[in-house]
Each structure stands twice: as structure tokens, then as C-alpha cells.
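Quick notes on the structure that follows.
The values are calculated or read from the model by the stated rules, or taken from the named source; none is laboratory data. This one's a predicted model, so the numbers in the text were calculated from it and none came from an experiment. As a convention, Cβ positions derive from the backbone with ideal geometry for all residues, glycine included, and neighbour counts pool all protein chains shown.
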Amino acid sequence: MIRCSIFCLSLAFAAMLLAGKVRPARGQEGPSVQQSIAAAQLALRHRRYSQAIQTLEDALKRFPGDSRLRVELGRAYVYQRQDARAMEIFRAVLRDDPSNRMAKLELARLLSFRGKCEASNQLFREVLAADPNDEAAAIGLVRNLLLQKKKDEARREVEQALARHPNSIRLQEYRDDLQKNQLPLPVSREISALNQVQADANYFSDSAGNRALSAGQRLEVQIGRQLTNSFRLDEKSLWVSQGPKASIFTVNDEGRVRLARWLFVAGGVGIIRFADDSNRALYRGTLILHPFQSFWLQGGFSRIPITPTFHSTQFDVLAEGWWSRLDWQPRSWRISADFLKRHYSDSNRTQREDAEVLHWIGISHFAVGLGYQYKHSSFTQTFSHGYFNPNQYRSHLGLGGFRFVVGKIYRGEYLGQYGAESVFQTPYQIAWEATAKNRLILGRWDLDADYTYFHLAQTTGAFRAQVGRFRFGYRF
């Protein structure tokens, strides 16, 4: 009887094992799906691609058909540069589960990397149709449209995406790129995310016989995501007609730190060697606010040299004080304003306000601009120290011109200003200015050639002046 009972229990236990009711001891269990994925991702981070693939394939033997493992395996093959194998896996997942989000995103990204943007766009749009709030799909779609040079469509998509994801850094960067591409020659900004080295030269002349030639070199390096450092070396030669020359050298170094997405702090030091071989320290501190797209507000305190003419070099003039600038560039507008208040080393004081509003009418390849420009400067004293210092100077100028793009390499902007100016509280008289800007873009190389005709005001009148500028830069 006992033997029969033992025999019956043995048969029951064997049946339970065959039916899978009795599991092996816990120490013999394999890793779970999530544990296998975590192990594979760790191997990928350490570039052990074969190990990651083996881990996932072993897991698929225990959990055949698991879509999470299959997608992760496809990603591992992408890292190992086996794109064909990865695409086969992603497509197999989508055949079994056409709504699988991760498989669609990974396949769309892979197609984009292989230059098949239209097929990639279709997948990104399917993901967005299922969930309009999918940030990853929106970023992928905008990136593709930029690669395809479909700027108008990319602009619409990025605006829609930012309305849903206003804090997305990548979408904000794409909109920045679109704003820069829309303006053939955007104004210079304090913040640049690109490493670059550049050389420039400027030649100045006026109808009073003053001449100046300056040359400079600049190196700007992005250090991590938060810090940028800029080093600049300049040499300037000044003379009057065929007279003797005065040479001035300056060296400046400035660092900029990003404290938040909308807040930057910058500080710099430098030194100037005047024509009489005396040296003076220079410095600059700046607070920069970037509260929303295309809007910059900055201000600070600085000490700078004042060396516009040969005559001014005899007095080693420095100016220090507060300054501020607003720069706003919505889609078809360019709005800027400057204010400064400085104390000169010769005991003079100055205040200046400038403002410009320009509206572009047209498309990205050709547009006509109309606007207005205002300038006002004043000094408390009138010294004959070679800088332009009427007690009061005002000008009101209307702006008009055009800009255009030729292919992918040339951008031009030509503007004329016409209006009236008043020097030293005299009645207003006719004044006009003109600016021509030309830029060649050859991959990472930039070449700028600009020309400006304008007026410089002194107590004795307003003198015609011309400036030619040449810049050669490389981004890396």
C-alpha cells in the first residue's frame, strides 16, 4: 500500500513537471526581459556590441517573439553598423505589430541616416498621427526636412512642435537654425554654439584725411555644453593722409557661462598697448538674457579704448561705463536698440541711443526690406582729442533695400538709408548712408566682404566716411 502511494506520487510529480507546473529552483532562472535589455544597453555604452547582441539573442531564446528584445537587438545591430540586418528586424516587428512605436522610430532614424528621407518622413508622420505629442517623432521629422532643404515646411513643423514642447532644447536649436537661414546675414550675437577661428581686416577713411587699417584674429571654443571661451588679438594702424603712423595692439580673452537655458554670464580681461608704448588694462562683464526664441537682451560694464583717429592716439583715451543691447528677430523683422553711458579718461562723459526697425517682405530667397533708424549721441564737453564728440548729434533715416540668396553658397544684403541729421544743435540737413554685405559659404568656411558709406559727426560738421571689411572664418 505504501509502495503504491509512493509510486502514485512519483507519477503525479512527473506529470506536473511535464505540464510545467513545477518550476526549477529560483537560482536556475534566467534574467528577465528587462534585465537582459539593461545588460545589453550597458554593453552598448561600453562599445561591446557583440556582447550586447549575444545577450539579446540568448534572451530571445527564452522569450521568443518579445518585441522589446527584438527592437533592442535591431538597435545593437545599428551600433555595429549592420544596417541591413537592423532594418530586417525592425520591419519584421512592424509586420507582427504595425503600431509598434519604437520599431517605427528606429526604422525611421535608420532610413534617415541612409539618406532615404521620404520613407523616414512617412514613418515619423505615422507616429505623430497616432500621438501628436510625440516629441521624438517631431524632432526626427524636422531634422529630415532640414536635410531636404524644405525650410518652409520645417518651419511649420517646428512651430507646431514647440507649441506642444516649449522646453525642448533640440527643437529650439532647430528653430534657431531656421531663423539664421532665413536671414541671409544675421546680426552678430554674443552667444555662439560653434567652435570657430577667424581672421578679419578693416580699412577706414574719411573726407577729413583720417585713415585706419586694423587686422585681427579670433579663436572661439565651446567647452562642454555650458562654457565658451573667446580669445582675440588685434593690431590697428592710424594716420592722416601721408603723415606718420601710430600702431596700437590689443589682446582680449572672454569666457561665457550658461547658467540656465535663458541666462548667460560673460566676463573678460585684456590689455592695450598704445602708440607711446604705455599699457592699460581692459575688462568687460556681461549679463545675457534669452527668455524666448529670437530675443536677446544683454548689458554690462566695460572699459574699452577710444582710438578712432591718429590724433586720438596721442591722449591714450579709455572709456568705461554701462551699456545695454536688445536684439529681436521674429520671422520677418529685425529690431535692435542700444544704450550706453560712459565716462572718458579725459573727464568727458557721453551718452548714446541707437534704434533700428526693419521689416522684410518676400520669400527666403529674395526679399525687400523697409524700416527706420535713429541715432543720438551727446557729450558733456567738447575736447579736440580726435574722437567724434559733438555736444549733440541726431539722425533720423529711412531704410530700404533687398536681400537675396544664390544657391547654397552666396547671400547678399544691400541697404540704403536716407533722411536728416543735426550736428551741434544746428538745423537738420540731408544725410544718407549705404551698406553692402556679401557672404560666401563653402562648407565650414565663411568669407565676408562688406562695404559701408556713412557720416561721422564732429563739432565742425559731419564728414563722409567709408569702411571696407573682409572676414575669413572656419567652423569646427
(message) Can you tell me how many residues within the stretch 204-213 are surrounded by 15 or more Cβ atoms within 10 Å (Cβ to Cβ) and either aliphatic (A, V, I, L, M) or over 14 Å from SER312 (Cβ atoms) (or both)?
(response) 4
(message) Being surrounded by 15 or more Cβ atoms within 10 Å (Cβ to Cβ), touching a residue at least 40 places away in the same chain (Cβ under 8 Å) and in a strand (DSSP E or B) narrows it down to one residue among SER395, SER378; which is it?
(response) SER395
(message) Can you tell me how many residues within the stretch 312-340 are within 22 Å of the chain's Cα centre (by Cα) and buried (at least 17 other Cβ atoms within 10 Å of the Cβ)?
(response) 6
(request) Being part of a strand (DSSP E or B), in contact with a Leu (Cβ under 6 Å, 6 or more places away or on another chain) and modelled with pLDDT of 95 or more narrows it down to one of SER237, SER214, so name that one. (result) SER237
(request) Determine, yes or no, whether TYR410 is within 33 Å of the chain's Cα centre (by Cα), among the hydroxyl-bearing types (Ser, Thr, Tyr) and at pLDDT 95 or above. (result) no
(request) Run GLU72 past the list (1) modelled with pLDDT under 85; (2) in contact with a Leu (Cβ under 9 Å, 6 or more places away or on another chain); (3) closer than 21 Å to ARG170 by Cα and report the number of the one that doesn't hold. (result) (3)
(message) If ALA449 meets every condition in (1) among the aliphatic types (A, V, I, L, M); (2) surrounded by fewer than 14 Cβ atoms within 10 Å (Cβ to Cβ); (3) within 26 Å of the chain's Cα centre (by Cα) apart from one, which number is that one?
(response) (2)
(request) Hey, could you check the stretch 252-304 for residues that are of a type outside the set (A, V, I, L, M, F, W, C) and in a loop (DSSP other than H, G, I, E, B) and say which is nearest to GLU159 (Cα to Cα)? (result) GLN293
(request) Could you please let me know if VAL142 is assigned to a helix (DSSP H, G or I), β-branched (Val, Ile, Thr) and in contact with a Lys or Arg (Cβ under 9 Å, 6 or more places away or on another chain)? (result) yes
(request) For the stretch 190-204, state whether one or more residues are farther than 26 Å from ASN229 by Cβ and either modelled with pLDDT of 75 or more or not assigned by TED's automatic domain parsing to the domain that holds VAL368 (or both). (result) yes
